[in-house]
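Heads up: the structure comes next, in C-alpha cells.
Read the figures in this text as sums done on the coordinates, not as results from a lab. Every value quoted in this text rests on a predicted model; they were computed, and no experiment measured them. Positions of Cβ are generated from backbone atoms using ideal geometry, with glycine treated the same way; all protein chains shown enter the neighbour counts.
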C-alpha cells in the first residue's frame with residue numbers, strides 16, 4: 001500500500017516535472033512551426049517595423065484566408081508568396097491558433113500630427129460599416145481588425161486597394177471598397193493609416 | 001539520471017509537488033545543463049537567446065570577443081554615404097536580459113572528446129556546443145594579399161574597414177577608377193558584391209560621374225538575383241564595367257594593379273578585394289570542416305556537426321543545405337538549432353523545422369530589390385519549396401527592408 005502510494009506520487013511528480021522541462025514561451029507546436037516568422041513579424045507576432053503587420057491577436061480565420069490568398073496568388077507579395085507555402089506545409093491551423101492566442105501590443109505611441117488624426121477620424125466613418133466603429137473588424141464576415149495595426153502596412157494595403165491591385169472575392173464588399181477608395185487620395189490614405197495605427 | 005535513495009526521492013518529490021505552481025521548476029534528478037555558444041553574430045546570438053526562451057533552466061554562455069554587434073546587412077549603404085555605421089551598431093544588453101552569460105572573449109580551442117571549450121586560462125564544460133563562427137578569409141589565394149591585408153580593404157565584415165572604404169571613395173578624384181574583386185562561390189552574402197556594385201555605382205553617378213567601377217568577378221555570372229542586377233547595372237552602365245570569369249590572382253599595391261586569371265592587368269585608384277572565404281578558424285581547428293577544408297556539414301534538422309557529436313554549427317560556416325549564406329538564414333538556423341538542442345537535452349524528439357530566407361539588396365539611395373525563399377524538410381533534408389523575386393527595384397521594397405531590419409535585429413538581440 002505504502003509502496004504503491006509512493007510509486008503513484010513518484011510517477012505523477014516525474015511526469016509533471018518532465019512536462020515542465022521546456023516550459024518557455026515557445027513550448028507549443030504552433031510556436032515552433034512559426035519560428036521563422038519572427039524575423040519579420042517579431043517575437044510572438046509583435047512586429048516592431050512599420051511596414052510589416054502585427055499578427056499577435058489576429059483572428060485565426062482571417063489569418064488562414066490571408067495565407068491561402070497569398071499561396072494562390074490572389075494577394076501579391078514577394079515576401080509572403082513563398083512563406084505562405086511554408087505555413088501551409090508546416091501547419092496552417094496550429095500557426096493560426098498560435099498567433100491568434102498571442103497578446104496584441106498596445107497601439108503605437110508614435111508622434112502623429114493631430115490634424116492628420118482628426119482628418120483620419122472623419123474619413124474613417126466610411127470604413128466603420130465593415131471594419132466596425134472602433135476598427136475591430138467583423139469576424140462573422142472575416143473582415144480584419146485595423147485598430148493598432150502598423151501604419152506602413154495599412155497604407156500599403158490601401159494603396160493596393162486604391163490601384164485595384166488587391167481585389168475582394170465578395171462582390172458586395174468589392175463594390176463597397178471601390179466606392180470608398182474612389183474618394184480617397186494619397187494624403188487621405190496616409191491620414192487613415194495614422195488614425196487606425198494609433199486608435200486606442 | 002542520477003541515482004538517489006528512496007528517502008531522498010520522497011523529499012525531492014514532496015518539495016517539488018509543493019513547488020509545482022512556481023514558474024521555473026528545477027528538472028528532477030538532472031544536473032544543470034550547459035550550452036556554450038561560440039560567436040555572437042546573427043546565428044550565435046539568436047541561438048543563445050532562443051535556448052533560454054525555449055528552456056529557462058538551461059545555462060547558456062555566449063563567447064563573443066566584440067562588445068558591439070555591427071550589422072553586415074545595410075553596410076553597403078555606408079559605403080555610398082546613405083547610412084552611418086553607428087545606425088548599424090547594436091549591443092548585447094537584450095541577450096543578457098534573457099539570462100545568457102556573455103564573455104567578451106574569443107574561444108581559443110574546442111575539445112569535442114572532453115566536451116570542453118578553452119577560453120583564456122579557463123576550460124568550460126558543455127553538454128551541447130553551438131558554433132557560429134562566421135567566415136574567415138583565405139588570404140593566400142591571391143598573391144600579394146597576405147602581406148597587404150591591412151591596407152587592401154575587404155570591408156566584408158562590417159566595422160572600421162567599412163568606414164575606411166567609404167572615406168577612400170569620398171576622396172576619389174572624379175574620373176578615378178575603383179576596382180572590386182568578387183571571390184568564387186561559396187562566400188558570405190551571395191548578392192552582397194552586386195549590391196555593393198550598385199551602391200558604389202549610384203555614389204559615382206551622383207557624386208563622381210566621370211569615375212568608373214570595374215568589377216572583376218571570379219564567377220561566370222552574377223551569382224544571385226542575376227536578372228534584377230543585370231537590369232540595374234544597365235542603368236548604371238556609364239559607371240560600371242562588369243567583367244565575369246576574371247578571378248583575381250595577384251595584387252601589386254606598389255603598382256596599384258590587379259592581375260586576373262586570364263593575365264589581364266587592371267589599374268586602380270581605390271581597390272576593394274573581397275577575398276575567398278571559409279568557415280571561421282575555430283571550426284577549421286576543431287576539425288568541423290568537411291573534405292573541402294572550408295565549410296561545415298551538418299544534420300539538416302538538428303544542425304549537429306557530421307564530424308563531431310554534441311557540436312552544432314549554424315550560419316555562414318555551414319554547407320550542404322540549399323540556402324544562401326545570409327543573415328536571415330543564420331537567424332533561422334539559430335532558432336531551429338536552439339530548439340533542437342533543448343529537445344535533445346530533454347530527451348525529446350526534435351521537431352522538424354525548416355529555415356526561410358528574406359534577402360533585400362539596395363540599389364540606390366531609395367530603392368531595393370528582394371529575393372525570398374521558403375523551405376521544407378523532406379526525408380531529413382532541407383528542400384526549397386519556392387523562390388520569389390521582386391519584379392524590379394522599388395521604394396516599397398526598400399521600406400519593407402527597413403521593417404525587416406527593425407524586426408530581425410530585435411529577434412537576434414532584443
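Over all residues in B:368-374, what is the mean tally of Cβ atoms on other chains that come within 10 Å of each residue's Cβ?
On the way: counts 0, 1, 2, 2, 7, 3, 12.
Counting other chains' Cβ atoms within 10 Å and averaging over B:368-374 gives 4.
Could you work out [θ]222 nm for chain B from helices alone, using -39500 (n - 2.57) per DSSP H run of at least four and dividing by all its residues? Round to the nearest 500 deg cm²/dmol. Present the calculation step by step, with values, prior to reporting the outcome.
Working: 11 runs with 122 residues, N = 414.
Calculated at 222 nm, the ellipticity per residue is -9000 deg cm²/dmol.
What is the ratio of the Cα radius of gyration of the protein assembly as shown to 2.2 N^0.38 Å, with N the residue count, to two decimals?
It is 1.05.
Convex hull over the alpha-carbon atoms of chain B: what's its volume per residue in Å³?
150
Which FRET efficiency value, to the nearest 0.05, is calculated for residue B:221 and residue A:68 with the Förster distance at 41 angstrom and r the Cβ-Cβ distance?
Plugging the Cβ-Cβ distance into 1/(1 + (r/R0)^6) gives 0.65.
Considering just Cα atoms, how many Å³ per residue does the convex hull of segment B:73-225 enclose?
175
Would you give the gap between the C-alpha center of segment B:79-130 and the C-alpha center of segment B:284-343, rounded to a whole Å?
16
Expressed as a whole number of Å, what is the distance separating the alpha-carbon centroids of segment A:61-94 and segment B:386-403?
Answer, in whole Å: 18.
Restricting to Cα atoms and excluding each atom paired with itself, what does the Kirkwood estimate give for segment B:317-414 in Å?
Computed over segment B:317-414, the radius equals 14.9 Å.
Treat the count of other C-beta atoms within 10 Å as a stand-in for reagent exposure and order B:199, B:333, A:80 from fewest to most.
A:80, B:199, B:333
Most mobile of A:47, A:162, A:39 per a Gaussian network model of chain A (Cα springs, under 10 Å)?
A:39
Using the count of nearby Cβ atoms within 10 Å as a rough guide to exposure, how do B:304, B:235, B:195 rank from fewest to most?
Placing the least packed residue first, the sequence is B:235, B:304, B:195.
So what does the Cα-only Debye profile of segment A:26-105 read at q = 0.21 Å⁻¹, as log10 I(q)/I(0), no solvent term?
After summing over all Cα pairs, the log10 values are -0.92.
Considering only B:81, B:40, B:134, give the residue with the highest GNM mean-square fluctuation for chain B, with springs between Cα atoms whenever their separation is below 10 Å.
Sorting by GNM fluctuation, first place goes to B:81.
Let me have the 222 nm mean residue ellipticity of chain A computed from DSSP H runs of 4+ only, each contributing -39500 (n - 2.57), with the sum over all residues rounded to the nearest 500.
Computed mean residue ellipticity for chain A: -16500 deg cm²/dmol.
Computed on alpha carbon atoms, what radius of gyration and Dmax characterise segment B:139-277, expressed in Å?
That works out to 13.7, 38 Å for Rg and Dmax.
Taking springs between alpha-carbon atoms closer than 10 angstrom, which of B:270, B:60, B:289 fluctuates most in the Gaussian network model of chain B?
Looking only at B:270, B:60, B:289, the largest GNM fluctuation is found for B:270.
Regarding chain A, what whole-number volume in Å³ per residue does the convex hull of its Cα atoms give?
Hull volume normalised by residue count: 151 Å³.
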